[in-house]
Amino acid sequence: MSATSELKSPRQDLVPGKQPGPLGLATRYLAGQLRQIGLFIALIVIVLFFQITTNGITLAPINVSNLVIQNSYILILAIGMVMIIIAGHIDLSVGSVVAFIGAMSGVMITQWGLPWWAAIILCLILGALVGAWQGFWVAYFGIPAFIVTLAGMLAFRGAAQIALGGAQISPFPAPFRALGSGFLPAIGTSGYEPLTLIIGGVAAVALVISGLRGRAVRRKYELEDEPFAWFIVKLAFTVVLVGYVAYLLSSYSGTPIVLVVLGALVIIYASVMRNSVFGRHTYAIGGNLQAAALSGIKTKRVTFLLFVNMGVISALAGLVFTGQLNLASPSAGNGFELDAIAAVFIGGAAVTGGIGTVPGAIVGGLIIGILNNGMSILGVQTEYQSLIKGLVLLAAVAFDVFNKRRAASSIK
Amino acid sequence: MANTILEMREITKTFPGVKALQDVTLEVERGQVHAICGENGAGKSTLMKVLSGVYPAGSFDGQILLDGKAVDFKNINDSEDAGVVIIHQELALSPFLSIAENIFLGNERSKLGFIDWNDTNLEAAKLLARVGLRDNPITKIVDIGVGKQQLVEIAKALSKKVKILILDEPTAALNDDDSAHLLDLIKSLQGQGITSIIISHKLNEIKAIADKVTIIRDGKTIETLDVHAGEVSEDRIIKAMVGRDLESRYPDHTSNIGEELLRIEDWTVHHPLDATREVVHHANLNVRAGEIVGIAGLMGAGRTELAMSVFGHSYGTNISGTVYKRGTPIKTNTVSNAIKNGLAYATEDRKRYGLNLIDDIKRNISGAALNKLEHLGFVDASKETIVADKYRKDMNIKAPNVSVLTGKLSGGNQQKVVLSKWMYSDPDVLILDEPTRGIDVGAKYEIYTIINQLADQGKGVIVISSELPELLGICDRIYTLSEGRITADVPRDQATPEFLLKHMTQEREAPVNERDI
């Protein structure tokens, strides 16, 4: 099984009855992990490529900070999208929903005079309603999600324009803007911002502990076939990466608020998808709908809730984006759905459903984000940027298909 | 006889590990209707696939002579060019194209690459007249019933200048009127010089239209009987079809039978797409604690439909009847209700309905009872692993650990995962639909042992199977099902293959006016 991009829990490629030596096992393990390894290597190669071609601008503290902030809404959308895609559906409406919610937040704050926090809460509820509307048609009425959300893409774009009356709304109050572009308050004086370093340190320790504990549990039940050396390499790499990003961020303005939001979302949704009953049901539906139904899973309700969740996540992305631009515009969020979908597929999800992970989608989103950022710094024209992103998406999925075929032929 | 149109000589076809056909010989005379009889899996369909080029020349041993000349069909096109056309049990029509388009599919009436619609529809109308269908050729296939679709298939065969028409269980999905019409048509085609080979289980039907009957058992020709010479009787055919001794392929077991666990009363189910067609008709059955009950029925008798309709109304419309557990009526209208009330259903088609093949063993095993592993909405993954690993060892699932994807397991091991999944849901009654289909002999024995263990734990087990020896080998009591009706209920010691087959093929009394709706 090569198409999962689960970064932590390894899957095996063992065929019963064969007993290869330790070196053979390790090689086979790495071959089985080719997809995940490939994804990481691709990310590193792309970062290094831009680091060299931009003369070091890519990993400059200010750019890393911008990279996080400017990609946050795509990454947020990718989290909801990967869940929808795992269930075997798709959502084309998220870009329009971003615009609609952004517009409504502007209307609520400037025209209705609501406080910023009330507007945020109302907008998230509105997002849930949008999701419930689309989820109803998909789950209970049986219209394919492609059609329902294509309709939603048109309808909510229109709704955004109607809400704004053809104009744009600006400015927004400072606390609202902080959601998109603010930083956690600095607790230190000058130089390296200590809070960010502390957060980075805590995150690194948490990663080490959870990695070791997971491995201990798997060893106990003889499920572990990940070579210890590889486990250490992976863990060390992740820890260094976290530490390095924290160091870079601390030497600029500190931790972006949206990074905290994003981090919380990743932790929550990754564990929901990996270990919650709801997550299991989502994979079961995408893997085999009929078998899921015959196992007593309420398939319609799960589908409905997935769309409600996507609506809330789209609303959050809309708020972040609006706050960041300090502007509610009818053309906001154009093409976001495509970036989010591309991130999910680059991250190893299967078009037919049942396969994909939240961390995978995040890495896929980062690859797209770094491509965007690096090419912008290099002054690549937008038409070429689009061309290159298209080819990267195709290459990633082609690699997947190739891998699957290789795995399938090795069984026989 | 000089009038032999088709001769198949010493056909032997081997699949990996199985000899599906062994020295089968078939001789068909011109202009006759020749029936082929045999149990499920006897090799009838394989023989017809050999004849129609589905299995190309070279993939089997033996010789096919058509009009006295040896032929080598490399594919279906070759055989159709020679006038041999097969109509499969599952019709191969494109639902959203018209009747005329379907008749000429792949063989379009065209001029310079463009369809000549006048010619298409005109020729189609002529062919439809030959099969006695008055529908407009531009009607879409979805808008006509299964009976008429069968006739369209025959019209399509006629358009290919058919000499030998092979029909694989043509009336299995038809109601009485449509069946009668179809049989008349086969007779009338005979008058037009078309030879028919008909595979059928229905003995009355064979007696009504066939000139000769060849019986196949275990991949071998048993005998060919001449209907007109008065050689054919139901008993004779059944004896020839069954005549095999029960080997000791079944573990010894004495059931300790207790009180009644489940009773299904007056259960009627209609076809999901055709609400006027009854698939299960006023069925009554029960199972007691510790008892293994068999349901014997031919394909299309409504076995799976009965089971799936009981299990959460997963099949059919207009379902009526009551399910009782220990004497109290229970709700089984959704799958989760059925599971809550202690039912489990292991499907006959594990790949389509039973397993998530792209997920691992442990998650498949826990799939129907995640609530047992749940804490505040999250699954206890360690406990799940322990549970799954216990089943892996107890059930002897051959895999290094429980993280192996079920798609990589053999059929027998997949079936063990399905059984583990339902055992973990801790049901009182398990309905096992074809539990040993596609499984090798060794694994079958293991599955039988598991079934016995379930009964010993005081559970009720219902086993649906096409294989009579299997039912006779493991069940305490056997129901026979024919055309959606329970036709017999016999204890094992009184059941014989002949008795079961007679009741499995028992047809409805002729005038039936009780059809509701």
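The values are calculated or read from the model by the stated rules, or taken from the named source; none is laboratory data. For clarity, every value in this text was computed on a predicted model and none was experimentally measured. Here the Cβ positions follow ideal geometry from the backbone for every residue, glycine too, while neighbour counts run over all protein chains shown.
For region B:386-411, a tally of residues being within 11 Å of B:Ile450 (Cβ to Cβ) and surrounded by fewer than 22 Cβ atoms within 10 Å (Cβ to Cβ) returns 3.
One line per residue, one yes/no per condition, for (1) assigned to a helix (DSSP H, G or I); (2) out of contact with any His (no Cβ under 9 Å at 6 or more places or on another chain); (3) surrounded by fewer than 19 Cβ atoms within 10 Å (Cβ to Cβ):
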position: B:Leu128; (1), (2), (3): yes, yes, no
position: B:Glu153; (1), (2), (3): yes, no, no
position: B:Lys187; (1), (2), (3): yes, yes, yes
position: B:Ala208; (1), (2), (3): yes, yes, yes
position: B:Ile215; (1), (2), (3): no, yes, no
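Listed here are the residues, each with its yes/no results for (1) outside any helix (DSSP H, G or I); (2) over 15 Å from A:Ile79 (Cα atoms); (3) within 14 Å of chain B (Cβ to nearest Cβ).
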position	(1), (2), (3)
A:Ile285	no, yes, yes
A:Met310	no, no, no
A:Phe321	no, yes, no
A:Asn334	yes, yes, no
A:Ala342	no, no, no
A:Gly364	no, no, no
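Looking at this structure, is B:Ser425 within 7 Å of chain A (Cβ to nearest Cβ), among the polar types (S, T, N, Q) and either more than 27 Å from A:Arg218 (Cα to Cα) or in contact with a strand residue (DSSP E or B) (Cβ under 8 Å, 6 or more places away or on another chain) (or both)? So B:Ser425 fails the test.
When the strands (runs of 3 or more DSSP E) confined to region B:387-500 are screened for residues that are of a type in the set (A, V, I, L, M, F, W, C) and free of Cβ contacts under 8 Å to residues at least 40 places away in the same chain, those reaching at least 1 such residues are found at B:485-491. Return yes when B:Arg9 is in the same structural domain as B:Val146 (by TED's automatic domain parsing) and of a type outside the set (Val, Ile, Thr) and no when it is not. Judged against the criteria, B:Arg9 is not a match.
Table: residues versus (1) within 14 Å of chain B (Cβ to nearest Cβ); (2) more than 30 Å from A:Arg177 (Cα to Cα); (3) modelled with pLDDT of 95 or more.
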{"position": "A:Ala236", "(1), (2), (3)": "no, yes, no"}
{"position": "A:Leu241", "(1), (2), (3)": "no, no, no"}
{"position": "A:Ala293", "(1), (2), (3)": "yes, yes, no"}
{"position": "A:Thr303", "(1), (2), (3)": "no, yes, yes"}
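Pairs meeting the criteria (first residue in region A:344-355 and within 13 Å of chain B (Cβ to nearest Cβ) and buried (at least 22 other Cβ atoms within 10 Å of the Cβ), second residue in a helix (DSSP H, G or I) and among the hydroxyl-bearing types (Ser, Thr, Tyr), beta carbons under 8 Å, at least 6 apart or on different chains) are A:Gly354/A:Tyr283.
Picking from residues in region B:364-375 that are assigned to a helix (DSSP H, G or I) and either facing chain A (nearest Cβ under 7 Å) or crowded, with 23+ Cβ neighbours inside 10 Å (or both), the one that is farthest from the chain's Cα centre (by Cα) is B:Leu370. Of B:Leu355, B:Leu343, all but one fail to be over 25 Å from A:Glu226 (Cα atoms), more than 9 Å from chain A (Cβ to nearest Cβ) and under 27 Å from the mean Cα position of the chain (by Cα); the exception is B:Leu343. On the basis of being modelled with pLDDT under 90 and aliphatic (A, V, I, L, M), does B:Leu432 make the cut? It is false that B:Leu432 is modelled with pLDDT under 90 and aliphatic (A, V, I, L, M). Restricting B:Gly106, B:Gly113 to those that are assigned by TED's automatic domain parsing to the domain that holds B:Ala155, under 23 Å from B:Ser52 (Cβ atoms) and surrounded by fewer than 14 Cβ atoms within 10 Å (Cβ to Cβ) reduces the list to B:Gly106. Among the strands (runs of 3 or more DSSP E) confined to region B:265-348, the ones with at least 2 residues that are farther than 16 Å from B:Thr480 by Cβ are located at B:278-288, B:317-325, B:328-330, B:343-346.
Residues that are within 21 Å of B:Gly43 (Cα to Cα) and either touching a Phe, Trp or Tyr at 6+ places or on another chain (Cβ under 6 Å) or crowded, with 16+ Cβ neighbours inside 10 Å (or both) within region B:217-231 comprise B:Arg217, B:Asp218, B:Gly219, B:Lys220, B:Thr221, B:Ile222, B:Thr224, B:Leu225, listed in sequence order.
Residues of region A:224-250 being exposed (fewer than 15 other Cβ atoms within 10 Å of the Cβ) and outside any helix (DSSP H, G or I), which ones? None; the set is empty. The residues in region A:181-215 that are in contact with a Ser or Thr (Cβ under 6 Å, 6 or more places away or on another chain), surrounded by fewer than 19 Cβ atoms within 10 Å (Cβ to Cβ) and in contact (Cβ under 8 Å) with a residue 40 or more places away in the chain can be counted, and the count is 2.
Considering only region B:60-86, state which residues are outside any loop (DSSP other than H, G, I, E, B) and surrounded by fewer than 19 Cβ atoms within 10 Å (Cβ to Cβ). If the condition is that a residue be outside any loop (DSSP other than H, G, I, E, B) and surrounded by fewer than 19 Cβ atoms within 10 Å (Cβ to Cβ), then B:Asp61, B:Gly62, B:Gln63, B:Leu65, B:Lys69, B:Ala70, B:Ile76, B:Asn77, B:Asp78, B:Asp81 are the ones that fit. Of all residues in region B:376-385, those that are facing chain A (nearest Cβ under 7 Å), assigned to a helix (DSSP H, G or I) and surrounded by 15 or more Cβ atoms within 10 Å (Cβ to Cβ) total 2.
Within the set B:Arg288, B:Arg236, B:Arg249, the sole residue that is touching a Gly at 6+ places or on another chain (Cβ under 9 Å), outside the structural domain of B:Ala455 (by TED's automatic domain parsing) and either surrounded by 17 or more Cβ atoms within 10 Å (Cβ to Cβ) or closer than 30 Å to B:Gly62 by Cβ (or both) turns out to be B:Arg249.
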